[in-house]
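Notes follow the structure.
The values are calculated or read from the model by the stated rules, or taken from the named source; none is laboratory data. Bear in mind that the values here come from a model prediction, so they are computed numbers and not experimental data. Here the Cβ is made from the backbone with ideal geometry for all residues, glycine too, and neighbour counts use every protein chain on show.
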Amino acid sequence: MKDFDIFCKVFGKVVENSDNLVISIPLWRVKEAPRDTYRFRKIGIDGKEEKYYGPSDLVAFADLEAVNQISSFISKFYSDPVQFKLDNDKNFKIFGKTIIVIGSTVSNSLTRKILNSNKHLPFCFEEQEETLEHPAALCIKDNKSKILYDCSWEWQYSMVMRIPNKPMGYFFIVAGPHAEGTLGAALFLKSNWKKFENAQSIAAILLEMPRGKSDFRVVKKIGF
């Protein structure tokens, strides 16, 4: 089977048309303030600090790198540029498309919408109080065993989860409680997307990785 045939089997028949594959990027908005307020500081290459009011709409660097990693392998299958949509784009029509959704339920509103609409999935994100012992506002929950996979200062978790988007598309949730974990999940999908070729329509892989490194270990696979 040719790689593009496998690609269409993994990501859905709709991706035969490049218009039907989209990457959803989480947008952050900085709280508005008087224009004479310095909301950002930048350190130049000379080490000098400068302060600015700065932009109101931002994308996290790790999320941007996650998008870059995924688009780098997707672009091999198309002559047209890979499509990107911000998660707050009200004109974005998701019906029937395959959408690779970057970021957790905190960072990406589309992730939140998808997981809230599908209660019988292998994993979900569960909110928790962020403390010194629990350095993340979210943990990943195994919906069957109820086990919580909680990030620490040494380790973090993330997941790649495929969910049908009928009639012939899929949602791919690529996310961790931290943006660093989301990047790790994106790197995993980039290198291991063919693992989903013979998986069930709903399939998920839970990953564990040391903080500050892109080495990952598969903790659990469901639907394979």
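Of all residues in the range 80-95, those satisfying the criterion of being assigned to a loop (DSSP other than H, G, I, E, B), over 26 Å from Ala136 (Cα atoms) and either without any contact (Cβ under 8 Å) to a residue 24 or more places away in the chain or not aromatic (Phe, Trp, Tyr) (or both) are Asp80, Pro81, Val82, Asp89, Lys90, Asn91, Lys93, Ile94. Screening Pro164 with (1) in contact with a helix residue (DSSP H, G or I) (Cβ under 7 Å, 6 or more places away or on another chain); (2) surrounded by fewer than 19 Cβ atoms within 10 Å (Cβ to Cβ) gives one miss only, at (1).
Of all residues in the range 193-224, those that are surrounded by fewer than 16 Cβ atoms within 10 Å (Cβ to Cβ), out of contact with any strand residue (DSSP E or B) (no Cβ under 7 Å at 6 or more places or on another chain) and not in a loop (DSSP other than H, G, I, E, B) total 1. Over 26 Å from Phe61 (Cα atoms) and in a loop (DSSP other than H, G, I, E, B) - does that describe any residue in the range 174-186? Taking every residue of the range 174-186 in turn, none turns out to be over 26 Å from Phe61 (Cα atoms) and in a loop (DSSP other than H, G, I, E, B). Among the residues of the range 1-28, the ones that are without any contact (Cβ under 8 Å) to a residue 40 or more places away in the chain and either of a type outside the set (A, V, I, L, M, F, W, C) or within 12 Å of Trp193 (Cα to Cα) (or both) come to 5 in all. Could you tell me whether Lys190 is surrounded by fewer than 24 Cβ atoms within 10 Å (Cβ to Cβ), free of Cβ contacts under 8 Å to residues at least 12 places away in the same chain and either charged (D, E, K, R) or in a strand (DSSP E or B) (or both)? Against the criterion (surrounded by fewer than 24 Cβ atoms within 10 Å (Cβ to Cβ), free of Cβ contacts under 8 Å to residues at least 12 places away in the same chain and either charged (D, E, K, R) or in a strand (DSSP E or B) (or both)), Lys190 does not qualify.
I need the full set of residues from the range 1-30 which are in a loop (DSSP other than H, G, I, E, B) and modelled with pLDDT under 90, in order please.
Met1, Val30
Each residue in the range 29-52 was checked for being surrounded by 13 or more Cβ atoms within 10 Å (Cβ to Cβ) and either charged (D, E, K, R) or within 19 Å of the chain's Cα centre (by Cα) (or both), and 1 of them qualify. Within the range 96-117, no residue that is at positive phi and surrounded by fewer than 21 Cβ atoms within 10 Å (Cβ to Cβ) sits with its Cβ atom under 7 Å from a residue that is modelled with pLDDT of 95 or more and of a type in the set (Ser, Thr, Tyr) at 6+ positions apart or across chains.
Scanning the range 96-135 for residues that are outside any loop (DSSP other than H, G, I, E, B) and not β-branched (Val, Ile, Thr) returns Ser109, Leu110, Arg112, Lys113, Leu115, Asn116, Ser117, Phe123, Cys124, Phe125, Glu126, Glu127.
Yes/no matrix, rows are residues, columns are (1) modelled with pLDDT under 95; (2) more than 24 Å from Ile23 (Cβ to Cβ); (3) under 14 Å from the mean Cα position of the chain (by Cα):
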{"residue": "Ser109", "(1), (2), (3)": "no, no, yes"}
{"residue": "Leu115", "(1), (2), (3)": "no, no, yes"}
{"residue": "His120", "(1), (2), (3)": "yes, yes, no"}
{"residue": "Leu132", "(1), (2), (3)": "yes, yes, no"}
{"residue": "Ala136", "(1), (2), (3)": "yes, no, no"}
{"residue": "Cys139", "(1), (2), (3)": "yes, yes, no"}
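When the range 41-62 is filtered for residues that are in a strand (DSSP E or B), free of Cβ contacts under 8 Å to residues at least 24 places away in the same chain and of a type in the set (Asp, Glu), the ones remaining, listed by number, are Glu49, Glu50. One residue alone among Ser71, Ser56 is under 20 Å from Val160 (Cα atoms) and polar (S, T, N, Q), and that residue is Ser71. Only one of the numbered conditions (1) closer than 16 Å to Pro26 by Cα; (2) surrounded by fewer than 19 Cβ atoms within 10 Å (Cβ to Cβ) is not met by Lys141, and that is (1).
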